[in-house]
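Nothing in this text is a laboratory measurement; each read-out follows from the coordinates by a stated rule. Bear in mind the structure is a predicted one, so any value in this text is a computation, not a measurement. Here the Cβ positions follow ideal geometry from the backbone for every residue, glycine too, while neighbour counts run over all protein chains shown.
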Amino acid sequence: MGKAADRRLWTGPVGSSWADRVRGQWGASTWVMPTPLARDRLARRLSLASGTIGPSRSESDRVYCWDDLWRSLRADRLDGPLVLSPAGTRAALVEAIDRARREGELTVSASVAGSSGFRRRVARRIAPWMSAGRAPDDLPAPTGAVELELHRIYRRYNEVLARLGAVDAPGLEAYYASLYRLTRELPRSWGRVDRLVLVEPPAEDRPVRLAIDAMRHSIRQLGVVLTFDGDPSRAEVDATAARFRERLLSWGFLEERIEPPEDRPAGLLAIGQALFREGDPGGYRIDRSEGIALRGASTGEGLARLAAVWARRLLDEGEAPEELIILVRSWDEQSRIALDQLRTWGLPVGNGKGRGIASDAAVQALRLAMTIPVEDWDTDLLGRLLRNGRLRPDWNEAAAHPMALAATAAALRETRVFRGRDAIAEAIDRMGGDPSPEAEQSGGKPDYLRRYRQRRSWLAGIAGPVFGRLSALIDAVAQQGPWASQVDRLSRLATGLGLDPNEEPLGLLFAALDDHGLVLDGVGRGGEPWTWAAFVAEVEAILRDLPAPEAPGSGALRMATVDEAAGVVSRHVLLTNLAEGAFPDRSAVGPAAEPDDGSHDEPEPGDDSSTEPDAEPGRAELGVRDLRIGPLRLPFDPAPTAPSRPTPFGREMARFLRVIGSAERSLTLAYPTADEKGVALSDSGFLAEVKALLTPDVDREIVREDRSLDPALRETTPQSPLEHRVRAMARAAIEDPSILSSLARSPEHRSALLASASALLVNERRARAASWRRVRQPLSRYEGVLRDPAIVSRLASDFGPEYAFSASQLESMAFCPFQFFLRYVLRLDPIEERDELEEDRTLGGSRMHAALESLHIALRDDPPGDGISLDEAVADRIELAVRDQLEREAEPPSDVGRALRAIEAERMVRVGKTYADQFRRYAESHGLGLRPAHFEFQFGSGNEGTGPALVIGEGQGQVRLQGMIDRIDVAHHPSGLLFRVIDYKTGSTPSRTKLQKGLALQLPLYAMAVERAFPPEPAPRALDAGYWALRGKGYTPLVTMAEYRDGDLRPGKVWEPGPEKIVGFVLDLVDRLRRGMLPVHPAEPDCDRTCDYRTVCRIHQVRQARKPWPEAPTMSDPDQPGEEDGR
């Protein structure tokens, strides 16, 4: 045993330079960090400091974490207890919950006891008890019915483990900590350890305390690094550390004070010193800004983009990815969105977790196959199984044709049978029947009917044998039997499908199933029969509960929870998602806070600190329990202070300070300002305390908030003349006409307001008039005129003022209100008629849009060099942009998909080259003086970085619109910011005639939306709006507001129908919708040729009866009569 001088305790506030002090005094050592992430980060730093290249740790320093200690101790012994895998632990917990439920011990939680969420909560609560080795009778008294049932489950869980003679992962720590305390032998793989440094050991974990007690007797030089402020005003924050510190001092550790380094940014020093001080904190304020920043953005994509911008900026400045860390209090949906956004930006981010095995293609194939008999041979499941690229059955039937599996999937779709094995087989047989004699005898070129029947017969000839073989394979395994037999059957099913049950990740699944079976055997339930449906349900539950395998991301910036990053020191830290209830966690505040179980107060078995020969005088007789009442003696502060009892809230404060201390150069706190609907959100409690401590000057310097998505019109400053008018009319609707009266006297607004007033007057007259002409055969409810008050009220509610319409919805309503009724009210999806090998024009267009967006964003952010024009740069980079877009997408799992992808790539490259030529001509004519500036510009969605919704009308007649604009080109002019709205089209483009009929409302509405979304200074002004035909002539304006050439701006011709008529038309459309008027009234005479709903529409009856719709919205002048017929 070493002398007192060989046992060192380094304490100090957050941000102390403990690594430099330890290295300076002791040199190379063996380090034990609190978390694997802290281990990896310290190993990298020590390796760089020693000049070692390659290994993760230097030649002299060795770095471990506590998990490494338990695993290494287990590896040294062959006589240890059986350790359950995660799957085995889950099975034992399921058995414990089932026992408690069968014995009637669960009442409050009985209804949810079988859910995965309940199991996870129980596992999280009992893990500390298992780690502390607590017997069920030693638990603190339950505080309620739920806590009582948790104790009962814990008792049953211990019974199951005892029956198995096994321990779980937390129990493993308790077992080997006790063993190590007896043997006092470190793992053999650690080699000789003379100097051991424990950094921020989790002292509230009993196994850790037991291990440290053994280390102090066996290690020659033992040091502990502990964050401990020592100021009485931080007693609650220091409570846990104070107890552990007092114990170490009683063991003879000599304490040294460590201070933050001199070059630590002043702002980081100030925030670390000022927070969480009770009573009179001595006037601490955050009066320096160096190293700290507060950033606010909308929740979801707003915060995610903020994190991506933060990481990209630092990486561009030359920071190593390993010196950046993004922290969250816990993993949630916002964390997932942020991680996805970072990866979408191409940043080297990792979260230490791999993909769950349930997402693997082979596992998905097996899940589909085993579920098919349970779902009565659902044809959708069958089709998805047959199209899975990992399916490689060694069947003669599948080898008969290269596309046998895909053809079988297509045949299943053609059968129009939803489910049923026998029904599917019969339908395939009918498809394979001989073509009718009439079709065979028709001469000349085969007609469509004959080709259709020939194709169906060909598909059936391939699908019949394949489906028969698949049916036989699945029927052979979908039987009842004990667990082990069911696992064997599932393995045979995988083999029959061409999947390898021993290859990961399928191997991981079958290992988990075997572990589950071992637990069942151990508790005497291995022979119980399982139906195939029950077995499949349990396999799915196991897949949901299994944790994702670890996947450490070497060379990547990390995203982790605060607890996962305990002990980490990083140059730059971003703590994000500081919403209300996030930090401190709700469970640590108020009545919801879990009480401290007092485990830290218990003396360890065999604690012989009182017999320590070199203990400091006066401390030898100090028992552990005395720590709750005895004073703390601070060598650096003679004033004693009574220690506080650790509380959940105190632990949360310590966590937050630990985050501050982990940042060396900068700390950024990110928080949501509004939710997806624009509703303002409150800050987390700790963030509010930070803000309260900021001096006014620092507040102005470091706080930045992006509230651009706040749609609360009454609380924001209008951004355009249109918004001024909308706000004025909205105020007038609530009996405040003063703003409207003021605008009406302004020449800038008078004409627009007069037009709006005229439209409102027309609407009022139409609403009051019973009919403006005689109607012999009015449209009825069978043609979409709905009169039931409940239905009309439901329509007015569902599509009320808060509903955001898209331009395509308005155009669908203008084309035919009944089509809108079927598609958007009843939500009837048309049958997909596209063949598997047919081109998906919608997907192809989306890919081309994305390629053009990435191309122009790159050219905007990194303009071409001198001597290279923009059109030349477009021509040079277009092919690369197209191919990059395709490479970013996941590779199709099937050979057919890959072949179609190759064809699509060449087609897109050709379209891209055409676009380059179009852009050259555009740059010489329409685009002269303008540059592409905004791409996929969204408005009205409520997402971060998007514009506000376009709102027209007032009161209950208000219409809110949203959309996404493909491209906006801009030019700066003394009169303001000029812009052009462009919409890409891979097919045909609408004509001006369509605009007159209301079938091409998109671009004029988009121009209005942009005018409102752009800042009022400089004044935005639309030049024109048009379509860009990617396979045609390129850009063609649809509406022209002004002409701009060589810096000269000239007013354009008055275009029809004009914005006022379009606004009135849209208001009329939506008004009819809210009044239940959605009749069969198409705008085109040949609508039945292309309409997806022609088979359920009464268009022919309406035309034959010449049923008119006198209230049909129109953009014609009010004094001009409309059409006399029903179109």
What is the distance, in nm, between label points placed 7 Å from the Cα along the Cα-to-Cβ direction at T1095 and at S988? 2.4
Would you mind classifying segment 981-1080 by shape? Square roots of the alpha carbon gyration tensor eigenvalues, ordered a ≥ b ≥ c; an a/c under 1.5 is rounded, otherwise it is prolate if a/b is larger than b/c and oblate if not. oblate
Obtain the nm distance between the two label points defined at L508 and A858 by a simple spin-label model: each point lies 7 Å from its Cα along the Cα-to-C-beta direction. 3.4
Give me a comma-separated list of calculated 3J(HN,Hα) values for segment 520-527, in order, Karplus coefficients 6.51, -1.76, 1.60 applied at θ = phi - 60°, integers in Hz, x for any Gly or Pro. 4, 5, x, 9, x, 10, x, x
Taking amide hydrogens as modeled 1.01 Å from N in the peptide plane, which residues meet the under 5 Å criterion relative to A1000, leaving out close sequence neighbours? L995
If R0 is 56 Å, what FRET efficiency do you get for A733 and Q479 from their C-beta distance, rounded to 0.05? 0.20
Total charge dipole magnitude, segment 85-167, about the Cα centre, Cβ charges on Lys, Arg, Asp, Glu only, Debye to nearest 20: 300
If Lys and Arg each add +1 and Asp and Glu each add -1, what is the summed charge of the other residues whose beta carbon sits under 15 Å from the beta carbon of T344? -3
Residue span A266 to A1042: 0.36 nm per residue of separation minus Cα-Cα distance leaves a gain in nm of 273.9 nm
At most 12 other Cβ atoms within 10 Å and a DSSP loop assignment: could you name the trypsin sites (Lys or Arg not before Pro) in segment 1050-1108 that fit? K1053, R1106
Gain on full stretching of the segment that runs from H401 to A28 - 0.36 nm per residue minus C-alpha separation: 127.6 nm
Which whole-Hz couplings ³J(HN,Hα) result when phi for each residue of segment 239-249 is put into the Karplus expression 6.51 cos²θ - 1.76 cosθ + 1.60, θ = phi - 60°, listed in order with x for Gly and Pro? 4, 5, 5, 5, 4, 5, 4, 4, 5, 5, 5
To the nearest 0.05, how large is the calculated FRET efficiency for A320 and R1050 if R₀ is 56 Å and r is the Cβ-Cβ distance? 0.55
Along the Cα→Cβ direction, 7 angstrom out, place labels at R1075 and L761. What is the inter-label distance in nm? 1.9
Listed residue pairs exceeding 30 Å between alpha carbons, taken from K985/K1053; K994/K1107; K353/K913; K985/K1107: K353/K913; K985/K1107
Can you list the residues, at least 5 places off or on another chain, whose amide H is less than 5 Å from the amide H of H934, using H built in the peptide plane? I968
Name the long-range amide H neighbours of W31: under 5 Å, sequence gap of 5 or more, or other chain; modelled H, no Pro or chain starts. R62, V63, Y64, V197
Using a Förster radius of 35 Å, what is the FRET efficiency between A680 and S751 based on their Cβ-Cβ separation? Nearest 0.05, please. 0.45
In sequence order, what are the phi-derived ³J(HN,Hα) couplings for segment 648-654 according to the Karplus relation 6.51 cos²θ - 1.76 cosθ + 1.60 with θ = phi - 60°, rounded to whole Hz, with x for glycine and proline? x, 5, x, 5, 5, 5, 5
Pulled fully out, how much extra length does the chain show between D67 and K1033, if you take 0.36 nm times their separation in residues and subtract their Cα-Cα distance? 341.2 nm
Starting from segment 65-115, pick out the trypsin sites (Lys or Arg not before Pro) whose DSSP state is loop and whose Cβ has at most 12 other Cβ atoms within 10 Å. R77
Between beta-carbons, use under 9 Å as the cut-off and find the net charge around A87, counting Lys and Arg +1, Asp and Glu -1. -2
